[in-house]
Amino acid sequence: MFSSFHAGPVFRHQARRLGPHNVKQAILRPDDFSRSILGYRRPLSSSHSGRDDPQRPPNSTQSSFPKLLGVALASAVLGYGLAKSPSLVVSSVEETSKKPQFGSSEDIEKAIQELRAGLAEAQVSTDPGDLQVHGFSSNDHHQGIDHSVIVYPESTEDVVKIVRIATKYRIPITAYSGATSLEGHYRGHALGGICVDMSNMDRILAIHEADSDLVCQPGIGWVDINETLKEKGIPLFFPIDPAPGATIGGMMSTGCSGTNAVRYGTAKGEWFLNATVVLPSGEVIKTRRRSRKSSAGFDTTKLFIGAEGTLGIITEVTIRLAPVLPTTVAVIQFPNVQKATEAVVDVMNTGVGIQCVELVDDMFMSATNKHGVSKRKWPEKDSLFFKFQGPTPASLKESAMIVRKIVEKHGGTGFQLARNDEEAAELWADRKNAHYAGLALIKDSQAWPTDVCVPVSKLPELLYDTKRDIANVGLISTIVGHVGDGNFHALILFKTEEEKQKAKDVVRRMVKKAISLDGTCTGEHGVGIGKKEYLVEELGEGTVQLMKTIKKAIDPLGIFNPGKLYPDDPPKDDKEVR
């Protein structure tokens, strides 16, 4: 049932100053705190576009940057208070666990009417086909839920209009980008809502070759960026490499990474220098300047990395670029995963130029042979794919020679080094075809994809347990691991509902085992719907409560991508004060 609540004017016009008494109130009442800190009463200046402006700082003295610092300060006070007074724990949990009150079906209709009035006709769609596409994904097995309306903004100003309408009527609002999500990040809400498709905001706005950075909109894909740089003859690239269809906005929002992580790290590193964000208030902030580094206060850019669209909608990003260096590829077989992992540890400790190192199991190599796309017939053994990187061809040969000696010491056999760039591309393509090769193992099967990450030394134990578990329940899966950082993916195949449930249960046990080994429920895919139930076990109740407090402060109405990332609260009877 839709709530009959009508928001009307949502926020008062008079700001409350935060003296010591009001800080105490903020601790006990996050809703008041969020209104005080984030200035929900100040309207956005229509002249602000979020672009670089040498005449003024990204945010004025009334902007949200110092206010967000206030969020952190108040959170620290909150944490101290919780530690000293257990009674405050109950108050804090109760405040942040209050379920949002969303608008009614009539409110949604009014919101759609205002969207049509404020945007071009082509920017607003209620076509059933559009609604279904945006609320469902063939990449995962979470329940599909349609949105009420799809909007296609073309500027930051458009996003502001959309957000203000959503806020006015308390309508759930979900950002949508490359649609490569595997954990249900962009599913609709059961009560309906607005889906903000960022695909029309897909331009490169500026390339600063001398500074090795680039300013772009969130709807552009990382592959498109790298192809554009190559076409322009600029010897730089963006090294974060998830699925080919991933876009910058989604990559930032999920904190993703890919095969290059062992050399370049993840999206949670320094690759996103700043972002322009529309907050739930409708205010536009820019998280920092374009300089390569800054120690000016909190790194508010990182507040939005991994937030999965629950704190704001990203409309512009400055990303760092890296120099393009020569690479080549080698493949080696091993008697088992333990030997392969030990070899990788020794290789990484030598400091040779490694851009990627990928562990694939015997089932993966069998799938590659069966898929029929590869030009080779591979030994069906646990194997490593190395991508070497260096400034010269001579450096690549030296790295390959050093690595060959190390891996052979650990039982590696069949060391095959690409003879030229074409062969290197063919070898690496066999690794990158993992998903479709895996599906070839069972005709007409579906797959449950998942990932976890553990300390590298614990990876063999987790892999052995997972493969044994999959075999014991009678399922088949390929394993692909970014072994250099302890992250691996399983592609568990099934055909029936019974097998689907078995796959789901295997994933649950895999995640719990990873957490018990001091790992994480997700190394790259993000949390979304699928992994939120594990966050308290992984991070602890206090850390999750802090996340919810920040969410409540920035989005007090709870309308930004509701139901994602933050774990559901247990029934009151099950809560314990810890």
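Of all residues in the stretch 434-457 being part of a helix (DSSP H, G or I) and under 24 Å from the mean Cα position of the chain (by Cα), which is farthest from Leu517 (Cα to Cα)?
Looking at the filtered set, the residue picked out is Tyr436.
From Gly540, Gly528, grab the single residue that is surrounded by fewer than 23 Cβ atoms within 10 Å (Cβ to Cβ) and either of a type outside the set (Lys, Arg) or not assigned by the TED database to the domain that holds Val473 (or both). Criteria check complete, one pass: Gly540.
Yes or no: the stretch 279-295 includes at least one residue that is assigned to a loop (DSSP other than H, G, I, E, B), in contact (Cβ under 8 Å) with a residue 60 or more places away in the chain, polar (S, T, N, Q) and crowded, with 24+ Cβ neighbours inside 10 Å. Yes, the stretch 279-295 contains a residue that is assigned to a loop (DSSP other than H, G, I, E, B), in contact (Cβ under 8 Å) with a residue 60 or more places away in the chain, polar (S, T, N, Q) and crowded, with 24+ Cβ neighbours inside 10 Å. The number of residues in the stretch 209-232 being farther than 16 Å from Thr318 by Cβ and open to solvent by 60 Å² or more (accessible area, probe 1.4 Å) comes to 5. Among the candidates Val407, Val357, which residue alone is surrounded by 13 or more Cβ atoms within 10 Å (Cβ to Cβ), part of a helix (DSSP H, G or I) and out of contact with any Ser or Thr (no Cβ under 8 Å at 6 or more places or on another chain)? On inspection, the qualifying residue turns out to be Val407.
If you go through the stretch 517-564 and pick out every residue that is assigned to a loop (DSSP other than H, G, I, E, B) and hydroxyl-bearing (Ser, Thr, Tyr), you end up with 1. Against the list (1) under 28 Å from Ile554 (Cβ atoms); (2) open to solvent by 10 Å² or more (accessible area, probe 1.4 Å), the condition Ala267 fails is (2). Criterion applied to Gly245, Gly250 was being open to solvent by 10 Å² or more (accessible area, probe 1.4 Å) and more than 24 Å from Asp555 (Cβ to Cβ), and the one residue passing it is Gly245.
Checked against the criterion of being out of contact with any Cys (no Cβ under 6 Å at 6 or more places or on another chain), assigned to a loop (DSSP other than H, G, I, E, B) and closer than 30 Å to Pro393 by Cα, the candidates Leu311, Leu325 yield just one match: Leu325. For Pro556, are the conditions met, namely being farther than 22 Å from Val360 by Cα, in contact with a helix residue (DSSP H, G or I) (Cβ under 6 Å, 6 or more places away or on another chain) and surrounded by fewer than 20 Cβ atoms within 10 Å (Cβ to Cβ)? So Pro556 fails the test.
Within the stretch 493-516, the residues that satisfy the criterion of being over 22 Å from Val456 (Cα atoms) and of a type outside the set (D, E, K, R) are Leu493, Phe494, Thr496, Gln501, Ala503. In the set Ser374, Ser366, only one residue is in a loop (DSSP other than H, G, I, E, B) and either β-branched (Val, Ile, Thr) or more than 24 Å from Asp485 (Cβ to Cβ) (or both); that residue is Ser374.
The values are calculated or read from the model by the stated rules, or taken from the named source; none is laboratory data. All of these numbers come straight from a predicted model, not from anything done at the bench. So basically every Cβ, Gly included, is an ideal-geometry build from the backbone, and we count neighbours across all protein chains shown. Please note that ligands, DNA and RNA were not included when accessible areas were found on the heavy atoms of the full protein model with its side chains. Shrake-Rupley method; radii C 1.70, N 1.55, O 1.52, S 1.80 Å.
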